[in-house]
Structure formats: C-alpha cells, structure tokens
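The values are calculated or read from the model by the stated rules, or taken from the named source; none is laboratory data. Given the structure is predicted, the values throughout are model-derived calculations rather than measurements. We place every Cβ from the backbone using ideal geometry, glycine too, and count neighbours over all the protein chains shown.
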Amino acid sequence: MFDFDFGKLMVVAIVALAVIPPKDLPRVMRTVGQAVGKMRRMAAEFQGQFMDAMREADLENVRKELDALNAKATAEMAIDPAAMIRDDVKKAVEAPVEIGTSTIALNAPEAAPPPHETAAGIETDLDNVRRELEALNEKAKADAAKAAAQAPSSPEPDETAGSAEASAPKQSAAE
C-alpha cells in the first residue's frame with residue numbers, strides 16, 4: 001500500500017535523526033513502532049474480513065449449486081422405475097383387486113377333423129378349386145377383351161408378315 005523499501009526507510013531515518021533530538025528518539029521510535037503495529041493489525045483484520053466475505057460468496061455459490069443439484073436429483077428421483085415396479089408388485093401381492101368376469105371363453109376350441117379326410121371332403125375341395133380356377137380364367141379373358149377394345153386397331157403380327165409376303169410377289173411381277 002505505502003510501498004516502503006529499504007532506501008526510503010533510510011531516508012526517513014536520517015531525516016528523523018536530524019529533526020528529533022537524541023534524548024526524545026527512544027520515545028518517538030516506540031510510538032512509531034506502536035503505530036506500525038496498529039496499522040499491521042488493522043490491515044490483517046481487513047484482509048481477514050475480506051477473505052471471510054469471499055468465502056461467504058463462494059459458499060453462497062456452492063449452496064446455490066448444491067440446491068440446484070438437489071432439485072435436479074429430487075426431480076430424477078420422482079421417476080424411479082425400480083420403485084414404481086416394486087410398488088406395483090407389492091400392491092399385487094398384498095391386496096388382489098376384483099376385476100370382474102370375462103365374457104371370453106378361456107377353454108381352447110375343440111379341434112375339428114380336417115375336411116379332406118373323407119372322400120366327400122376331397123371332392124368338395126376339388127370342386128371349390130375348379131370353380132375358383134374357372135372364375136379366374138373368365139376374369140383373365142374379360143381383362144384381355146377390355147385391353148383389346150381399348151388398344152388402337154393395328155394389324156396383328158401375322159397379318160403384317162402376310163402383307164409383306166404379298167407385296168413381294170407384286171414387286172417381282174412389276175419387274
């Protein structure tokens with residue numbers, strides 16, 4: 001603060017010897033020492049108070065951070081899947097709840113014999129397959145007829161080959 005080094009202290013000591021008589025010098029030195037000691041104590045006290053204030057400020061920051069972490073941890077603890085499962089299991093074991101009656105039959109249906117085990121069943125299956133094939137065949141013919149009706153009328157490939165062959169003898173006859 002005052003930035004006293006050895007050279008400045010020597011200058012002050014020489015001026016003090018010149019101004020202060022030698023018989024008053026011990027009393028003045030004691031007073032100066034007491035004043036310097038008082039100043040050091042005041043500086044140390046100020047520094048201690050300043051450090052305490054800094055620690056409190058740091059503690060407040062640390063407290064705020066801890067409170068934020070505690071709030072976050074509390075929020076995370078609210079969604080604890082293990083505790084939720086444990087509670088559900090305890091509830092299920094301790095007090096069974098009456099659900100009601102089911103309208104669905106819980107017995108397995110009786111197995112019906114396959115229809116093709118008998119000769120009549122096989123013939124019925126064949127008739128069904130035959131009808132389905134006939135229906136598909138008729139549908140395919142109808143689709144082909146629709147496609148032919150919608151397509152522009154163009155000569156069929158057999159007719160184009162025949163007309164090319166017919167034009168060839170005409171050319172040879174003309175020659």
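Assorted remarks:
- Criterion: without any contact (Cβ under 8 Å) to a residue 40 or more places away in the chain, loosely packed, with under 10 Cβ neighbours inside 10 Å, part of a helix (DSSP H, G or I) and not charged (D, E, K, R) - qualifying residue of T31, T74: T74
- Residue-level analysis places D52 among those that are at pLDDT 70 or above, in a helix (DSSP H, G or I), within 30 Å of D3 (Cβ to Cβ) and charged (D, E, K, R).
- Matching entry among S163, S154 (being at pLDDT below 65, loosely packed, with under 10 Cβ neighbours inside 10 Å and more than 60 Å from the chain's Cα centre (by Cα)): S154
Okay, residues lined up against (1) touching a His at 6+ places or on another chain (Cβ under 7 Å); (2) at pLDDT below 85; (3) of a type outside the set (G, A, S); (4) surrounded by 10 or more Cβ atoms within 10 Å (Cβ to Cβ):
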| residue | (1), (2), (3), (4) |
| --- | --- |
| D3 | no, yes, yes, no |
| F6 | no, yes, yes, no |
| I20 | no, no, yes, yes |
| Q47 | no, no, yes, yes |
| E60 | no, yes, yes, yes |
| E65 | no, no, yes, yes |
| A82 | no, yes, no, no |
| A95 | no, yes, no, no |
| I99 | no, yes, yes, no |
